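Heads up: the structure comes next, in structure tokens.
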Amino acid sequence: MSSPPHAGPSPLHSPEALPLLDDIDEPVRVPLQIEDWLTVLVMGALALITFANVIARYFTNHSFAWTDEFSVFLMIVLALVGSSAAVARDRHIRIEYFSDSGSMARRKNLSRLGAVLVALLFTLIGVLSSRLVWDDYRFGETSPGIGIPQWWYSIWLPVISIGIALRAVGLFIRRGRRS
């Protein structure tokens, strides 16, 4: 049974009628496969470390001391790399009621505003965390579990944060090209 032709909202005014911003995106200069492969490598390393620790515990009733510390580090790296991929693909958290409604110009402007705010936030995180890395290096801080220099872990926070900020700047530029 078919529905009457005028039942429901007009197709011209429905949100599905407007193209998604992702449909008009230009390709990125730095390939997104970087984040994808880093995610695969980090997840693989986490799985191997966890598996080795389970096997060691099962056969010896003792776990490796370094696995907890290294697993936490890898999970933080995984979250940051995932954030970078989300920013580059314009998939970061937002309230869709506001971001996906209205005219195309409004949606682009909101997307660009989000990109600017993300870039500012992660630039700030990168700058402040670089001071943390410097303090870790200068004072010779060592990790609590296995005693390696703490800056080996903390150096990745400013590096990846600046990478996320650059991805946000790239998103801002791509959203502004087709106005």
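The values are calculated or read from the model by the stated rules, or taken from the named source; none is laboratory data. None of these values were measured; they are calculated from a predicted model. FYI the Cβ positions are ideal-geometry reconstructions off the backbone, even for glycines, and counts take in every protein chain you see. Surface areas here come from the heavy atoms of the whole protein model, side chains and all, with no ligands, DNA or RNA. Shrake-Rupley method; radii C 1.70, N 1.55, O 1.52, S 1.80 Å.
Here is how the numbers come out for the structure above:
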item: Shape category assigned to segment 78-119 from the gyration tensor of Cα positions, a/c cut at 1.5; result: prolate
item: Surface share of carbon and sulfur [accessible, 1.4 angstrom probe, percent] for segment 133-179; result: 67
item: Whether segment 37-179 is rounded, prolate or oblate, judged on the alpha carbon gyration tensor where a/c under 1.5 counts as rounded; result: oblate
item: Relative contact order of segment 41-159, pairs being alpha-carbon contacts under 8 Å that are 6 or more residues apart, as %; result: 21
item: Accessible area per residue in Å² at 1.4 Å probe, computed on segment 57-179; result: 63
item: Calculated FRET value between Leu128 and Ala86, using beta carbons and R₀ = 25 Å, to 0.05; result: 0.70
item: Thr142 long-range amide H proximity, modeled H, under 5 Å; result: Gln150
item: Ala52-Phe98 pseudo-label distance in nm [points 7 Å out on the Cα-to-Cβ vector]; result: 4.6
item: Computed label-point distance, nm, for sites Val159 and Ile173 using a 7 Å Cα→Cβ extension; result: 2.3
